[in-house]
Structure formats: structure tokens, C-alpha cells
Amino acid sequence: MPPNIRNEAVNQLAEKLAARKRMSKTDAVRTALENELRRLDEAVPLRQRLRPLQGRVLKRPATGLEADKAFYDELSGEMFVGASAIVAILTREPEADALADVLERERSPVTSPIECDDWRRAD
């Protein structure tokens, strides 16, 4: 029994995939659904993607400094990384690789939940 697709946009997508793969529309829909389910099953959870980064952060020795306003006021000259930059790396946003490279080159980046828009500063 062929699929009864009532949404025209979905029907066109199924026809397009079927034509490209040279298969029936039913096989195209089945293949697409199987591939999406497999992709979801193989997706690496955020928690698991964070583990290597967490391990690297925990390997750094404690500084003993208190992260208060005075501490942040004295950060001039040091790299400051806001939470959104870390999220950009973890979620693989378009500029994540460039930001990760900058962080790797930095001797002692400071991270904080406080935002900073100037992560692209020249070396």
C-alpha cells in the first residue's frame, strides 16, 4: 500500500528523494525515517560532549583567587571567555573552531558566566 501523504510539501520532498535515489516514494520515506532514527540514536549527548572539556578544566591547578568584582576588574590583558563562547564551541556553531583555536593558544584563559563580546581580539 503506497503512503498517503496529505501535506503537499512533505509529498514533494518524498518524491524528490525518491527520484534522486531512484527508488519508490514508499522506500524513500522508509529510508528517510530510518536514517533520522539512526541519527538520533547515534547523537552524542551534550553531557558526554562536555566531559573532555570538563576534564581539561579540572586538570588546571586552583589559583586561590576569589572571583569577585575586583578580580574581574583586574583582568585587563588576560583572555576572558564568557559562557556564550563555551556554548558556541559545544554546540558547534559556525565560528566554534576559530574560537577553540584561540583558547588553545591562550596561556591562561579565564572563564565566567559573565558575558564578554571581545573574544575575537587580535593576538
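Tabulated data for the structure shown
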{"read-out": "Estimated distance in nm for a label pair at Arg60 and Gln48, the labels positioned 7 Å out from Cα along Cα-to-Cβ", "value": "2.7"}
{"read-out": "Cβ-derived FRET efficiency at R0 35 Å, Ala96 paired with Ala19, nearest 0.05", "value": "0.50"}
{"read-out": "Phi-based couplings in Hz for region 48-56 (Karplus 6.51, -1.76, 1.60; Gly and Pro marked x)", "value": "5, 5, 6, 3, x, 5, 4, x, 5"}
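Rule-based calculations on the coordinates, nothing more; no lab input. Note that the structure is predicted; figures quoted are calculated from it, not measured. Cβ coordinates were reconstructed from backbone atoms using ideal geometry, including for glycine residues, and neighbour counts include every protein chain displayed.
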